[in-house]
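Just below is one structure, and these are the notes that go with it.
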Amino acid sequence: MMYEMGQSRRDYGVLVSGRIFSLISLILISAAVLLMIRRAKQGKVPRIRRLAGLDAIDEAVGRATEMGRPVHYTIGWASGGLSGSMAAQILAGLSVLGYVGELAAKYGVKVITTVSQPDTLPLHEEILRLAYQKQGRPDALAPDSVRFISIDLYAYSAGVLGEIEREKPAANIMIGPFWMESLLFTEAGFRQGAIQIAGTARTSQIPFFVATCDYTLIGEEIFAAGAYLSKEPSQIGTIAAQDMGKIFALILLLSGLLLHAFGNPVTKLINI
Amino acid sequence: MAQDLVATVGIWVAALYTLFTFSYIYKENPLYRFAEHTFVGAAAGHFVVIAFQNILSKGWYPIVSKGEYVYILSMILGLMLFSRFVKKRAWISHYPIALLVGVGTALAMRGAIQAEFLTQIASTIAPLYTPNQKTFDSFVIALTVISALVYFLFTIEAKGPLKVPITYLSKIGRYLLMIGFGAQFGATVMTRLGFVISRFQFLLFEWLGLR
Amino acid sequence: MSFGSRRTVPMIITFLVGMVMFAEYFFKMPYVADVANMMRNFGIVIAAFALGLGAANLLIIHGRHIRKRTPKQWYFSAWLFIVMFTFIAVGVGFTVNAPAYVWLFENTLTPVSTTTYSLLAFFIASAAYRAFRFRTKEGALLLISGVILMLGNIPMVGISVPGISALATWLLTVPTMAGLRAVLIGAAVGTIVLGVRAFLGQERGYMVGE
Amino acid sequence: MSGKEQSFVDRLQRIDPRVIYGLLIVVLVAPLLRPLGFPIEITPVVQKFHATIETLKPGDVVFYAFEFGAGDYPEAEGAGIAVKRHLFAKGVRIVFATTNDQAVLVLQKSLQSAGIPSDRKYGVDWVFLGYIPGAETAIAALAADMHTAAKKDHYGTPVEQLPLMKEVRSVKDIELLIVEGGGTETPTQFVRQWYAPYKARYLQICISVVGPTLQPFVGAGQIIAMVVGASGGAQYELLIRRPGIAVAGMDAQAFGHVLVILFIVIGNVAYLASKRMRK
């Protein structure tokens, strides 16, 4: 029943048939990345549209200041950490952590960040240290701000529930890859009356954040948010390159739908 | 006899841990913390045991009994990972990770372009010119995919002739995504209840024997 | 080794290994498949070692708690060590198939882990009650499609009210599927774009402590 | 409007979560103790899953990736057991493997509950390759060459010494792929590494949270059919005429769903009433 690897419907010499358009698409998207990063580095930095969830972070940290209670931040759980498939979401979460750290340093609010992936632990520490330094208050960073919980998802979840219950944060911010812990954390945050902002690109968890948080970054919005806050040209260029990829998809889709009556040429092209 | 006793003790231990964990829904407490730490320790111990088994079967075994000496290199690379605990030598761990990243990234990319990009696009392309239920579904699917993709454009400014279509499509995209998230949420209630039902089945039938 | 090559050599390794994997997939070339196969098997061995990293981290962190006698924590950390080493002793000594190991696994790890998950049953009930309100247009959409799905999942309703279960299935397989398909296409682009960055050496998050 | 009514409506809007928790325990436990046996409707997608397995002939080889850890196993437990029973009854040969470290022990439990027929011999009719670390890399390696990816089976026997594995080397020797569990990522990786290059025929068992996120693959024909969650499991148990734990839990599921919907209604009525009062 199975097809041979590279079973040839038609012989294209050294190229494996059925994968040729994949190769072309990969090359096109790669070219877009090179182009957009180069343009961004030359100063042509594209503008990223306004994201409501980001503005809300200021409000949340401000409220924590008024109430004199801490801000809880976590980037979620991801097997494999920085060398795994969730690395991009982790890095987006860390960019936002930098911003939250700066706000916290500015207002003098305590930040508690809980960590599940050991290899991100030094990054958490470094990012918060830099944020406090940037605000000129390197001594204000509490030594127990970064708390490693566990590499196991359930143990990490259980641990964070405990931390939220004990520390009673006024703001609960969660950006990164999330699994079943999403709803556990928002419920724990709700029990403490915290204002909650969350974002993830893990599709199975978006609904819980949308339903239970005050503000949500949906899917890829977290990457845009990360790039926006990092202000690094190459990161913003990457977001622009992703837009190019999506426009490529839109072109294929629209032309395919329009031309379908003429023998479905786009689908044939895709399958060469 | 002794076996029965071991099994009975096991059920009691499992039941107590279940209750300790459930106690969280009332309030965080020391019994819950006890269960939490047992669990972290158990999971880590299990990791080590499995790692040990796999290093033996996948690295050591082919070297000693099959003479595939090339795996010595993979064992060395594996050991190099642990250099990250020594700050000055952490760079050594970058070599094995570089290999993992290279293999993993390329595998993901070459699969994603086909399975998640082109195949998904191709199966969205359907005839929209014969009026029936199937065409209506195809239309809804195409509209949702297109408008949601537009919603996820971040650096494209809505201006000029594209201003109206981009603004509207993006809005429609967000609404259609919300319908989907609602449906996902609703579908999920079953999973959540499924887990607690299974725990209750354990407590009621296996522990208390109420059958 | 100089600082420059400490960064460059891993980047070259990533790039070369990646190109082998691409060549295997897109081109018909002799020997490449064998090299690619070996790379994958190397990946498996290295991943086996990586499993030990988490345990090493716990040793460092909880070892610190015990040494410093952190209030309200150190005795939990000590208990964690006891459990961990019991698992290791039994698992390495008798393999994971030994009855003693199965007993440990099923009566400590399993109940806590499934019960943690099942806390969600309570939370989803209270979250649904709070979140599903007719406040905004978006909230209304969330509410309506959520409730239709829940109704469709109740067996008697599905059988006695015609159309509900079909509508629930339609919601899942048409609009929901399509929304998630858009997300999937976006994620695929993201995977590729970030992959390109990794091969260019732009993504070096894992290179901590240089 | 009197202040008393106002406060009642306000209270309805903010019921203490613990009240909800308590009521949920009652409505779930009661039907477990006194089952009512509501009828269950069989859906086309579960039927398609069943029919796909029905097309297998005795002796065909199925690759069965079991990916549930201890934590996420329970909801689809019934589904997994029912599908395994179906496979054993069909007389197909099965290669089990996993890329989840905890799954090695969870699979043993599932096999024990399913009950391996006494005439099915290990090594000949079924094997368990054990845990292969490396996630997507491991999945790709298994497709290309199971012998070098696994080397030894779970019990320490070299793979080449197992009679069944003498005939099975790669995805090309497999008639059908079944993946049980694995969240959204592992099935996605199977689509990328088994379907995209080799067009493997692929069936999936998953929990209800994951079901929708895999729907795009079903819509595009990459996954043939799925059995989703407790309700899928109950349907499958009925299809093979062996009602089990999934059917037993369905009454409780129904009551639980009704309670959740009831609370949503109460919350909304109270919310709309208080809005009208304020006007």
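Looking across region D:166-200, the residues that are among the hydrophobic types (A, V, I, L, M, F, W, C) and either more than 11 Å from chain B (Cβ to nearest Cβ) or over 21 Å from D:Val46 (Cα atoms) (or both) come down to D:Val168, D:Val171, D:Ile174, D:Leu176, D:Leu177, D:Ile178, D:Val179, D:Trp194, D:Ala196, D:Ala200. Selection of region D:58-93 for residues being of a type in the set (A, V, I, L, M) and either over 12 Å from the mean Cα position of the chain (by Cα) or not assigned by TED's automatic domain parsing to the domain that holds D:Phe128 (or both) yields D:Val61, D:Val62, D:Ala70, D:Leu87, D:Ala89, D:Val92. Evaluating D:Lys279 against the criteria (1) touching a Pro at 6+ places or on another chain (Cβ under 9 Å); (2) of a type outside the set (A, V, I, L, M, F, W, C); (3) surrounded by fewer than 22 Cβ atoms within 10 Å (Cβ to Cβ) leaves one unmet condition, (1). Identify, please: which residue in region D:148-159 is surrounded by fewer than 24 Cβ atoms within 10 Å (Cβ to Cβ) and not β-branched (Val, Ile, Thr) and is, among those, nearest to the other protein chains (Cβ to nearest Cβ)? Filtering region D:148-159 for residues that are surrounded by fewer than 24 Cβ atoms within 10 Å (Cβ to Cβ) and not β-branched (Val, Ile, Thr), the one nearest to the other protein chains (Cβ to nearest Cβ) comes out as D:Lys152.
Scanning for something among the charged types (D, E, K, R), in contact with a strand residue (DSSP E or B) (Cβ under 9 Å, 6 or more places away or on another chain) and at pLDDT below 90, does region A:134-145 turn up at least one residue? Looking through region A:134-145, at least one residue is among the charged types (D, E, K, R), in contact with a strand residue (DSSP E or B) (Cβ under 9 Å, 6 or more places away or on another chain) and at pLDDT below 90.
Among the residues of region B:118-136, those that are more than 7 Å from chain A (Cβ to nearest Cβ) and within 30 Å of the chain's Cα centre (by Cα) comprise B:Thr119, B:Gln120, B:Ser123. Within region C:152-171, at least one residue is under 29 Å from the mean Cα position of the chain (by Cα), closer than 27 Å to B:Phe117 by Cβ and surrounded by 20 or more Cβ atoms within 10 Å (Cβ to Cβ). Which one of these is of a type outside the set (Ser, Thr, Tyr), over 22 Å from C:Met38 (Cα atoms) and within 14 Å of another protein chain (Cβ to nearest Cβ): D:Asp125, D:Asp72, D:Asp145? After ruling out the rest, the residue left standing is D:Asp72. Of all residues in region C:134-144, count the ones that are modelled with pLDDT under 85 and either facing chain A (nearest Cβ under 8 Å) or under 15 Å from A:Phe209 (Cα atoms) (or both). Summing the residues that are modelled with pLDDT under 85 and either facing chain A (nearest Cβ under 8 Å) or under 15 Å from A:Phe209 (Cα atoms) (or both) in region C:134-144 gives 0.
Does D:Phe38 qualify as being part of a loop (DSSP other than H, G, I, E, B) and either among the aromatic types (Phe, Trp, Tyr) or touching a His at 6+ places or on another chain (Cβ under 6 Å) (or both)? For D:Phe38, the condition - part of a loop (DSSP other than H, G, I, E, B) and either among the aromatic types (Phe, Trp, Tyr) or touching a His at 6+ places or on another chain (Cβ under 6 Å) (or both) - is met.
Screening A:Glu4 against (1) in contact with a Pro (Cβ under 8 Å, 6 or more places away or on another chain); (2) modelled with pLDDT under 85; (3) among the charged types (D, E, K, R) leaves a single unmet condition, (1). Please go through region A:28-64 and pick out each residue that is assigned to a helix (DSSP H, G or I), within 24 Å of A:Tyr99 (Cα to Cα) and away from chain B (no Cβ under 14 Å). If the condition is that a residue be assigned to a helix (DSSP H, G or I), within 24 Å of A:Tyr99 (Cα to Cα) and away from chain B (no Cβ under 14 Å), then A:Lys41, A:Asp55, A:Ala56, A:Ile57, A:Asp58, A:Glu59, A:Ala60, A:Val61, A:Gly62, A:Arg63, A:Ala64 are the ones that fit.
Residue check: is D:Tyr73 within 19 Å of D:Phe128 (Cα to Cα) and aromatic (Phe, Trp, Tyr)? In short, yes. Each residue in region C:152-205 was checked for being in contact with a Lys or Arg (Cβ under 9 Å, 6 or more places away or on another chain) and more than 10 Å from chain A (Cβ to nearest Cβ), and 1 pass.
Here's the yes/no breakdown for (1) within 30 Å of C:Ala47 (Cα to Cα); (2) more than 13 Å from the chain's Cα centre (by Cα); (3) of a type in the set (A, V, I, L, M):
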position	(1), (2), (3)
D:Gly37	no, yes, no
D:Leu56	no, yes, yes
D:Asp101	yes, yes, no
D:Ala114	no, yes, yes
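Of the helices (runs of 4 or more DSSP H) lying entirely inside region D:182-279, those carrying at least 2 residues that are more than 29 Å from D:Leu142 (Cβ to Cβ) are D:229-239, D:245-278. Residue-level analysis places B:Tyr17 among those that are modelled with pLDDT of 85 or more, of a type outside the set (A, V, I, L, M, F, W, C) and touching a helix residue (DSSP H, G or I) at 6+ places or on another chain (Cβ under 9 Å).
Considering (1) within 11 Å of chain C (Cβ to nearest Cβ); (2) on the phi > 0 side of the Ramachandran plot, say which one A:Lys246 fails and leave the rest. Going through the list (1) within 11 Å of chain C (Cβ to nearest Cβ); (2) on the phi > 0 side of the Ramachandran plot, A:Lys246 breaks only (2).
Yes/no per residue for (1) surrounded by fewer than 16 Cβ atoms within 10 Å (Cβ to Cβ); (2) farther than 28 Å from B:Tyr24 by Cα:
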{"residue": "C:Leu58", "(1), (2)": "no, no"}
{"residue": "C:Thr70", "(1), (2)": "yes, no"}
{"residue": "C:Ile88", "(1), (2)": "no, yes"}
{"residue": "C:Phe105", "(1), (2)": "no, no"}
{"residue": "C:Ala131", "(1), (2)": "no, no"}
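Listed by position, the helices (runs of 4 or more DSSP H) contained in region B:18-84 that have at least 3 residues being within 9 Å of chain C (Cβ to nearest Cβ), of a type in the set (A, V, I, L, M, F, W, C) and farther than 24 Å from D:Ala97 by Cβ are B:30-55, B:70-80. Counting only residues that are more than 7 Å from every other protein chain (Cβ to nearest Cβ) and within 16 Å of the chain's Cα centre (by Cα), region A:203-213 holds 2 of them. Taken as a whole, the condition of being more than 11 Å from chain C (Cβ to nearest Cβ), part of a strand (DSSP E or B), free of Cβ contacts under 8 Å to residues at least 60 places away in the same chain and surrounded by 22 or more Cβ atoms within 10 Å (Cβ to Cβ) does not apply to D:Val95.
Annotation note: of A:Ile218, A:Ile222, A:Ile236, A:Ile197, the sole residue that is modelled with pLDDT of 90 or more and within 10 Å of chain C (Cβ to nearest Cβ) is A:Ile218. The residues listed here are B:Ala187, B:Ala158; of these, the one that is touching a helix residue (DSSP H, G or I) at 6+ places or on another chain (Cβ under 7 Å) and buried (at least 24 other Cβ atoms within 10 Å of the Cβ) is B:Ala187. Look at region B:172-191: where a residue is within 7 Å of chain C (Cβ to nearest Cβ) and touching a residue at least 12 places away in the same chain (Cβ under 8 Å) and a partner is crowded, with 24+ Cβ neighbours inside 10 Å and of a type in the set (Phe, Trp, Tyr), sitting 6+ places away or on another chain with Cβ atoms under 9 Å, you get B:Leu176/B:Tyr151; B:Leu177/B:Tyr151. Answer with yes or no whether A:Thr212 is among the hydroxyl-bearing types (Ser, Thr, Tyr) and either surrounded by fewer than 24 Cβ atoms within 10 Å (Cβ to Cβ) or touching a residue at least 60 places away in the same chain (Cβ under 8 Å) (or both). No: the conditions fail for A:Thr212.
Could you say whether any residue in region C:113-129 is more than 8 Å from chain B (Cβ to nearest Cβ) and in contact with a Gly (Cβ under 7 Å, 6 or more places away or on another chain)? Yes: region C:113-129 contains one or more residues that are more than 8 Å from chain B (Cβ to nearest Cβ) and in contact with a Gly (Cβ under 7 Å, 6 or more places away or on another chain).
The values are calculated or read from the model by the stated rules, or taken from the named source; none is laboratory data. Everything quoted here is computed from the prediction, not taken from an experiment. FYI the Cβ positions are ideal-geometry reconstructions off the backbone, even for glycines, and counts take in every protein chain you see.
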